[in-house]
Amino acid sequence: MGDGTETVRLTAWVRGRVQGVGFRWWTRSRALELGLSGAATNLDDGRVEVVAEGSRSACEGLLEHLRSGRTPGRVDSVVERWAQSGGAFTGFVER
C-alpha cells in the first residue's frame, strides 16, 4: 500500500462512554505527539469523530491508541475510514 510516509486522512468514529470524560483532550494529546493535524468532535449520538491527517504510520499509531483500552472513559468500538489527505487542518482541535 505504500511505505507509511504518504499523507493520508484517517476518520475514526469512536463509540462508548467517550463524551465528558476528557477523551477529546486525550486524543488531541496523542495526535500532537504523533505529529498529526485534525480534530476530535463530539457527535449528537454520543460518539466522538476523530479526523487525523499525517503519515499513514502516525495515523495507524493514533488508531492503536484509540483501541488500546487506555483511553479516558470506555471505548466500545472504533470504525475507521481511510482517504487521501485534504490538507484542511492546522494543528489539532477539539470541537
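Every number here is computed from the coordinates shown, using simple stated rules; none is lab data. Worth saying up front: this structure is predicted, and the values here are computed from it rather than measured. Neighbour counts run over all protein chains shown; Cβ positions are idealised from the backbone, glycine included.
Averaged over residues, the count of other Cβ atoms within 10 Å places the peptides 61-72, 81-92 in the sequence 61-72, 81-92, highest first.
Given an 8 Å cut-off on Cα distances and at least 6 residues of separation, report the relative contact order of the chain as a percent. Relative contact order of the chain: 45 percent.
3J(HN,Hα) along the stretch 72-87: x, x, 8, 9, 8, 7, 10, 9, 10, 9, 10, 8, 6, 5, x, x Hz, from the Karplus curve 6.51 cos²θ - 1.76 cosθ + 1.60 with θ = phi - 60°, whole Hz, x for Gly and Pro. Using the Karplus relation 6.51 cos²θ - 1.76 cosθ + 1.60 with θ = phi - 60°, the per-residue 3J(HN,Hα) values for the stretch 31-41 come to 5, 5, 4, 8, x, 8, 10, x, 7, 10, 10 Hz, with x marking Gly and Pro. For the pair Arg70 and Leu43 in one chain, pulling the backbone fully straight at 0.36 nm per residue adds 7.6 nm over the alpha carbon distance. Separation of the stretch 71-95 from the stretch 5-63 is 3 Å, based on Cα centroids. By the gyration tensor of its Cα atoms, with a ≥ b ≥ c the square roots of the eigenvalues, what is the shape of the stretch 7-82: rounded for a/c under 1.5, prolate for a/b over b/c, or oblate? It comes out prolate by the Cα gyration axes.
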